Amino acid sequence: MALYGVLLLAGLAAPFVVYPVLMMKLLCFALFACAFNLLIGYTGLLSFGHAAFLGGAGYITGYVIQSLGATPEIGILLGTAFAALVGLVMGWLAIRRTGIYFTMITLALAQMLFFVWLQAPFTGGEDGLQGVPRGKLFGLLSLQDDVHLYYLVFAIFVFGFWLVRRVIHSPFGQVLQAIKENEPRAVSLGYDVNRFKLLAFVLSAALSGLAGSTKVLVMGFETLTDAQWTMSGTVVLMTLVGGMGTLLGPVVGAFVIMILENKMGEIGSGLASVTGIEWFNQLGESVTIVTGFIFVICVMAFRRGIVGEILVRLPKGKSSTG
Amino acid sequence: MEFFGVPLAALPSQLLLGLVNGSFYAILSLGLAVIFGLLNVINFSHGAMFMLGAMLTWMGLQYAGAPYWVMIFVAPAIVGLFGILIERLLLRHLYKLDHLYGLLLTFGLVLIIEGVFRSIYGASGQSYSAPEALSGATDLGFMVLPNYRAWVVVASLVVCFATWFVIEKTKLGAYLRAGTENPRLVEAFGINVPVMVMLTYGFGVALAAFAGVLAAPVMQVTPLMGTNLIIVVFAVVVIGGMGSIMGAIVTGLALGVIEGLTRVIYPPGSATVVFVIMAIVLLVRPAGLFGKEK
Amino acid sequence: AASAQGTGPVRIGFITDMSGVYADIDGQGGGEAIKMAVADFGGKVLGRPIEVVTADHQNKADIAASKAREWIDKGGVTAIFGGTNSGTAIATAKIAGEKKRVYFNMGAGSSRLTNEECTPYTVHYAYDTVALARVAGKAMIQRGDKNWYFLTADYAFGHSLEQDASEIVKSSGGKVVGSVRHPLGASDFSSFLLQAQSSGANVLALANAGGDFVNSVKAAKEFGITKKMKLAGLLVFINDIHSLGLKDTAGLLVTDSWYWDQDAESRKFAQRFFAKFKRMPSSIQAADYSATLTYLNAVKAAGTDDADKVMEALRKTKINDLYTKGGTIRADGKMLHDMYLMQVKSPSESKTPWDYYKQVAKFSGDQAYNSLAESKCPLVKK
Amino acid sequence: MSTPALEITDLHAWYGESHILHGARLVVHPGEVVTLLGRNGAGRTTTMRAIMGLVGKRQGSIKVAGQETIHMPTYKVARCGLGYCPEERGIFASLSCEENLMLPPALSGGGKGMSVAEIYEMFPNLQERRHSPGTRLSGGEQQMLAVARILRTGATVLLLDEISEGLAPVIVQALARMIQALKARGFTIVMVEQNFRFAAPLADRFYVMEHGQIALEFEARELAERQTMLNALLGV
Amino acid sequence: MSDFILETEHLSKEFKGFVAVNDVDLQVRRGSIHALIGPNGAGKTTCFNLLTKFLTPTRGRIVFNGVDITGDKPAQIARRGVIRSFQISAVFPHMTVLDNVRVALQRQLGVSYRFWMRDAVLNQLNDRSLDLLEQVGLREFASELAVNLPYGRKRALEIATTLAMEPELMLLDEPTQGMGHEDVDLVTSLIKRVSQGRTILMVEHNMKVIASIADQITVLQRGAVLAEGAYDEVSRNPKVMEAYMGVEASELEGAH
Ligand SMILES: Nc1ncnc2c1ncn2[C@@H]1O[C@H](COP(=O)(O)OP(=O)(O)OP(=O)(O)O)[C@@H](O)[C@H]1O
Ligand SMILES: Nc1ncnc2c1ncn2[C@@H]1O[C@H](COP(=O)(O)OP(=O)(O)OP(=O)(O)O)[C@@H](O)[C@H]1O
Ligand SMILES: [Mg+2]
Ligand SMILES: [Mg+2]
């Protein structure tokens, strides 16, 4: 609990210390990762199609705000709803298979949506959906000011995080765990496991959507990057690095990966100047390679992720934060 | 005389072209199926191995002057060895864990392999043209079929069915199938399973590489050529279901043809048709057309 | 943030795709071209050192935008040079516009940069899809190739290429007999090509780019399409030709804004570039070089790096260098310059490595680009 | 006295973290039938799995016909002439009943195995269901198959884990006769049994396991006087 | 309502021509312990699979409490109060013993889809859970993780969770399989205990168990009913002896 308090304060103070826009972007991805983690961490379902929700919600929100002049909150609402809907359909199909099949199906369906976005007229293809205004919250409070927007984003993130936590510690969460542990037994206890999985999937999708919608507001545009399968991979990596099945893990993971992606160049040249090894200067141009290595290392040696590792080292009991 | 707005005359040629693509799908999904069978790993890096096959073919000619006919054996061999290395050093340590880790690992490998090749050879691709013996085309009456495409179909069919025969009809195949279920026990019968697994992975990726070699003259040879393809192949695998080897082959070919037809009937849909079919199959037959899941 | 203005070094931020699909046509080569220009300029302007910072946006608009913001707010960057990929370009242009910094774009083709999305600070330097389409259209019609069939990448970029070209074809007396749309990154083009073949057109216009373009050309060759039809690539870079090889591309018609072998000056530049990268510069990389000089001259002329003043100066100057002769920058930010229709040489014609093109037609900037009247840019007072 | 067919000294075994066997020892002479008794979780299955090298980690010494196998990979151990019938039967779903039967290769290290005909004679069900997928067989049929499978290979030392489990009394009796037959043919047999009555008349010697150690060892003839102690240990 | 809780009529199952269950008319009397025995491959497990719809019958109908449930789905049947235990022990390994039972109880509460609710609401189930654990003698293990229980106790826990569903009819497939004698006795008496006010249908090869608790026995052979009746009746039936118990049957009884 104390930890959460500290984090909350840190979050509130952040915009005066860190660059607000970067911070907002980080929060969006953190929320995205948390949503993803809700699925992998607590139902054991590995989705490789979560980009569909991030991107999809992004496009919808961007579109209704820009072309239909909706207010931000409406935009976000619609975006999230859309993601939930996509989640419902996608889940409904994918849940029919388990394990690796589930993964491949989500991947394939997301790819299908990617082509839809690519070809749809309003998304602007590779130009992207550009110039989405931040508008006025409830038609009143202008979000032009980064700090205003920041607190909105922060509030949204906190809400999302709280929701994930609640879901896990709810009667529903209990059943999810039971299903994860021994599915046939859960069936024989009279639970319709697929409906539980589906609900979990939809929740995860909706929250991912929320992240996507918020992100559009922050960045002011939506591009195919968010809907591409590589994005689905990125969120997996974030969760893996931070620690699957831990509450804070995804947040940490998201921060680490995002900072890597944005600052690889600096990091590289930094290392180069420190170590004097020229090669590091190329790091900036080899983000994918580095990401790949992180993936491999995590899978081989570091499966608990950062937070997971910390938790196992902590004395028992405190792990409630995990 | 028309068929979904396709002049009937054009139909056979389009079917044939579909078959050509189908044979790529077939080999790739076959490789995936074989690997999945014994290792329970969905080899995400399959596309990268496909790319390696093609790149090696080009490099062979570029740096060693090795012609197509040499590389068609050498490239898969090299990739196979590379696969064996991966299995030894990495995959091997994941079998005890949830299968998902295998997928994640191979995904990481994709990023590395493609990234490395891209930073060395760039993304704009290399030129490679079909061997003399296969250049030119044959007039089949209803169409002019480039000889090379014909070769692709023949070669892949031969490879596919050879593989099918070994796995379904031989003792070795029985070991493979048994190992698929309970490797430890099979080992307890005195069969050297670790080596079997290693070779299987090697063989699986070699298949991918073989497809890559076949693709080199007809597709742009670039470090990224595998990525999009593999996702479609995943869909193919879901449609076919991992149940049977034959399933992988047949589905691969069939979907190639269907996709081909869509290119004529409704071109904008050709990118998504496979995924749509996947969705439909999931509705009516969740286990996939040839799937053997409870 | 304005600290950069007036004092300290003049800092150019160059952001493009350094690792992705466009890395070859711009990427590090582009960065190098810029540095060469800075060196040739003397490394100083207004007595202040010139610095170049580069970044890889990995084709992600997010990253491009964040970088631009950061550079401007914290990095004291006075001008941003943007490379390939329209998505990143437009995103960056908006930031630059918002924060009052000069933004040059070389790599991106989208004409939106100087229409819907135009800002007072954008200079769209190298080419846009409209120009490519028009040049190809006009030139080929003039050469008597009147019946067109389009093989179009099925997304915004392809659509606009096809549309712009069709308009020109129709308006200059040709006709479009049909078109087929293929998905981005299609694995196989043969079935699309057979449809084109049966159309009876004599021009097959390829309204696609990169891998798609390369694969369609390969297949076209394989299926003997090239015997019956003339292939016209609407967006082709010399690197594509290189990766296809002359065997498959001989006779192909392409539009481009610059060719390394077009005159002595460009040859000289090209050799220097080749020495570093073992390949000849693309038109974009040449544009990167040229744009840098143009910018620095403007700063010199304006006597400050203040964006408004620099833009003023830019609009006054005529650009004369290895990239273009008499190029001018218009109110909507478009840089008008000559465009060329080139034909790919046959292996026998090609004497030296990278000796790929022969020029078949040349169009002056105002023939090639859309007119101010047509521009959808609100800045253009009509 | 000839070299023991199987000699285990100070055997330790782990599943992951948990240390299951604590220095078990066991000697089986050629042609002997030895039974491992013990409560659930005593570690008998683990002992067998440890012999085959199927546990997470093992330590100590396991000699098969005088040859040390502790450091061998599983498949090499098997090739020393061991036939293992696991507790969970391990029938392969993707193989037909007959393919299951034919799967284990003949062991170079081993002697004469039983012929398929003999096996079908012993287990008529198997012949009847020969073409249906392995796991489609009933629980008991699978058990029969699991045993039959290793009789073919010519393994001389058989490790049988709870083979009478879940079998109808008639079949159990058949199995009893089979064991006697195998013994007559000179097979060496190590059985894990819950079903004491089944094991009693067959075994030459008994080991009783407790908490991963051998708590008691005695000859068949001592059975009577050990009865009370056994009751204490097993709660028979 | 008839005093038969479960009846089957002409129940049959074929697998590609092979008849596993052949025209079986079962009648299970309410409140009794009914045993299903027979040689291996007789079709016992298949019967169970049919009754719980893990398999669909080729022919025949299943009537539960006078209602035809032949068309129901497994989950539906479970909700009707027909609960089945598996041949291998089925618990939720990494949940505490208490939670194992609570998850089972939770369904009746009807809050299982309420993802916005605190799980504190489930505490109201603790008492109920604890006295179920009491019944199977696991109360003191309430806070243990299920994995750490020894085999017999896992079985007991499974039965406790099964009880939590307030089953009218429990189907137990070889409940004592793979158990040491202690556990066998423990479970046997447990079954006897929980049979109060319930009906139990069980498959068992252990004659001792059958003898001690079964009220009614149905012997299957080759999918068809061979004999029916009380234990001593059936066990003396020569056909049964020959087909199942074998000559030494009487001796074997004592065996387990
Ligand atoms: N895979 C495993 N992982 C961790 N612990 C295990 C595993 N298998 C068995 N154990 C534990 O090892 C101990 C011995 O198990 P083992 O199977 O050898 O007992 P056993 O004597 O065969 O009894 P039975 O077979 O009747 O259950 C038990 O406490 C069991 O819980
Ligand atoms: N899915 C199936 N496909 C084909 N045959 C099957 C299938 N399931 C069971 N059988 C066959 O039906 C017969 C009855 O099987 P079942 O499992 O009901 O026997 P059982 O009475 O439970 O025997 P046991 O006491 O050994 O468990 C067996 O011969 C078995 O081979
Ligand atoms: Mg055991
Ligand atoms: Mg059974």
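Within chain B, helices built from complete DSSP H runs that reach 27 Å or longer along their own axis (Cα positions) and carry a mean Kyte-Doolittle hydropathy of -0.5 or higher are B:10-39, B:68-89, B:99-121, B:147-169, B:193-215, B:245-265.
Counting only Cβ charges, +1 for Lys and Arg and -1 for Asp and Glu, the dipole size of the range E:159-214 around its Cα centre is about 200 debye.
If R₀ is 25 angstrom, what is the calculated FRET efficiency for the pair A:ASN281 and C:ALA275, using the beta carbon separation as r and rounding to 0.05? Could the numbers behind the result be given before it?
On the way: r = 20 Å, r/R0 = 0.81.
Plugging the Cβ-Cβ distance into 1/(1 + (r/R0)^6) gives 0.80.
Each peptide in E:235-241, A:250-256, D:137-143 receives the mean, over its residues, of other Cβ atoms within 10 Å, and ordering these scores from highest gives A:250-256, D:137-143, E:235-241.
Across the range E:89-164, the convex hull enclosing all Cα atoms gives 82 Å³ per residue. Using a 4.7 Å Cβ-Cβ cutoff, the cysteines of the protein assembly as shown lacking any partner cysteine are A:CYS28, A:CYS34, A:CYS298, B:CYS160, D:CYS80, D:CYS85, D:CYS97, E:CYS47. For chain C, set up a GNM with springs between Cα atoms under 10 Å and report which of C:GLY97, C:GLY75, C:GLY173 has the largest fluctuation. Looking only at C:GLY97, C:GLY75, C:GLY173, the largest GNM fluctuation is found for C:GLY173.
A protection proxy built from the mean count of other Cβ atoms within 10 Å ranks the segments C:112-119, E:140-147, most packed first, as C:112-119, E:140-147.
Of the cross-linked pairs C:LYS60/C:LYS221; D:LYS63/D:LYS112; C:LYS44/C:LYS334; C:LYS228/C:LYS276, those separated by over 31 Å at the C-alpha level are C:LYS60/C:LYS221; C:LYS228/C:LYS276.
Overall dimensions of the protein assembly as shown, expressed as equivalent-ellipsoid semi-axes from the Cα gyration tensor (√(5λ), whole Å, largest first), are 68, 36, 30. Look at where the Cα atoms of the range B:36-63 and of the range B:115-180 average out, and the two centres are 12 Å apart. Summing charges over all other residues whose Cβ lies under 15 Å from the Cβ of A:ALA272, with Lys and Arg as +1 and Asp and Glu as -1, gives -2.
I want the antiparallel fraction of DSSP beta bridges within the range D:6-234, as a percent rounded to 5. Before the final figure, lay out each step's value.
Values: 24 of 42 bridges.
DSSP beta bridges in the range D:6-234 are roughly 55 percent antiparallel.
Diffusion of the range B:246-294 by Stokes-Einstein, at 10 °C in a medium of 1.306 mPa s and with Rh set to the Kirkwood radius over alpha-carbon pairs, works out to 138 µm²/s.
I'd like the orientation of helix C:264-277 relative to chain C: the angle between its Cα long axis and the longest Cα principal axis, in ° from 0 to 90, rounded to 10. Once rounded, the angle reads 80 degrees.
What whole-number distance in Å separates the alpha-carbon centres of the range B:199-265 and the range D:24-102? Centre-to-centre (Cα) distance: 42 Å.
In terms of other Cβ atoms within 10 Å, A:ILE294, D:ILE150 run from fewest to most in the order A:ILE294, D:ILE150.
How large is the dipole of the range A:16-227 about the Cα centre if only Lys and Arg carry +1 and Asp and Glu carry -1, each at its Cβ, rounded to the nearest 20 debye?
So the dipole magnitude of the range A:16-227 works out to roughly 560 debye.
Among the trypsin sites (Lys or Arg not before Pro) in the range C:122-211, those located in a DSSP loop and surrounded by at most 15 other Cβ atoms within 10 Å of their own Cβ are C:ARG143.
Dipole magnitude of chain C about its Cα centre, charges +1 at Lys/Arg Cβ and -1 at Asp/Glu Cβ only, in debye to the nearest 20? Write down the numbers at each step before the final one.
Details: 47 positive and 40 negative charges, 139 e Å.
Charge dipole of chain C: 660 debye, to the nearest 20.
Shown in residue order for the range A:133-145 are the 3J(HN,Hα) couplings computed by the Karplus curve 6.51 cos²θ - 1.76 cosθ + 1.60 at θ = phi - 60°: x, 6, x, 10, 5, 6, x, 10, 7, 5, 9, 3, 5 Hz (x for Gly and Pro).
Taking every pair of Cα atoms in chain B, average 1/r, invert it to obtain the Kirkwood radius, and report Rg/Rh to two decimals. Before the final figure, lay out each step's value.
Values: Rg = 19.2 Å, Rh = 19.7 Å.
The Rg/Rh ratio comes out at 0.98.
For peptide B:125-132, the mean count of partner chain Cβ atoms within 10 Å of a residue's Cβ comes to 5. Taking other C-beta atoms within 10 Å as the exposure proxy, D:SER164, D:SER2 rank D:SER2, D:SER164 from fewest upward.
This ranking places A:TRP229, B:TRP164 by how few other beta-carbon atoms lie within 10 Å of each, fewest first, which gives B:TRP164, A:TRP229.
Do the sum for chain B: with -39,500 (n - 2.57) for every DSSP H run of n ≥ 4, divided by all residues, what is the mean residue ellipticity at 222 nm, to the nearest 500 deg cm²/dmol? So the helix-based figure for chain B works out to -23000 deg cm²/dmol. The residue among B:SER244, A:GLY243, B:ALA150 whose Cα reaches farthest toward the positive pole of the charge dipole of the protein assembly as shown, with charges on the beta-carbon of Lys, Arg, Asp and Glu, is B:ALA150.
Shielding value for A:111-121 is 6, the average number of Cβ atoms from other chains within 10 Å of each residue's Cβ.
Average partner chain C-beta neighbours within 10 Å, per residue of C:66-79?
Taking all residues of C:66-79 together, the mean is 2.
The angle between the Cα long axis of helix C:156-171 and the longest principal axis of the Cα atoms of chain C comes to about 70 degrees, rounded to the nearest 10.
To the nearest 10 degrees, how steep is helix C:283-302 against the longest Cα principal axis of chain C, on a 0 to 90 scale? That works out to roughly 30 degrees. Placing unit charges on the Cβ atoms of the charged side chains and taking the dipole of the protein assembly as shown about its Cα centre, the candidate lying farthest along the positive direction among D:ILE163, B:LEU199, D:PRO86 is B:LEU199.
Counting only other residues whose beta carbon sits under 11 Å from that of E:SER2, what net charge do I get with K and R as +1, D and E as -1?
On the way: positive: E:ARG29, E:ARG30; negative: E:ASP3, E:GLU7.
Net charge in that neighbourhood comes out at 0.
Helices assigned as whole DSSP H runs in chain A whose Cα atoms extend at least 24 Å along their own long axis and whose mean Kyte-Doolittle hydropathy is -1.0 or higher are found at A:20-43, A:72-94, A:99-119, A:146-168, A:193-219, A:249-275.
Farthest towards the positive end of the charge dipole of chain A, among the residues A:ALA200, A:THR106, A:VAL274, is the Cα of A:ALA200, using unit charges on the Cβ of Lys, Arg, Asp and Glu. Between A:MET300 and D:ARG226, the C-beta separation translates, for a Förster distance of 51 Å, into a calculated FRET efficiency of about 0.45. Rounded to the nearest 5, what % of DSSP beta bridges with both residues in the protein assembly as shown are antiparallel? The answer is about 50 percent antiparallel. Along each principal axis, taking the top coordinate minus the bottom one, the Cα set of the range C:107-170 gives 41, 25, 19 Å in descending order. If you model the range D:46-114 as an ellipsoid using its alpha carbon gyration tensor, with each semi-axis the square root of five times an eigenvalue, the axes come out at 24, 16, 9 Å, biggest first.
Based solely on its DSSP helices, what 222 nm [θ] is calculated for chain C when runs of n ≥ 4 H residues each add -39,500 (n - 2.57) and the sum is averaged over all residues, nearest 500 deg cm²/dmol? Can you show the working numbers first?
Numbers: 14 runs with 156 residues, N = 382.
Result for chain C, helices only: -12500 deg cm²/dmol.
All of the numbers you see were taken from the coordinates with simple rules; none came from a lab. If you're wondering where the values come from, they're calculated on a predicted model, not measured in any experiment. When we count neighbours, we look across all protein chains shown, and the Cβ atoms used for this are built from the backbone with ideal geometry, even at glycine.
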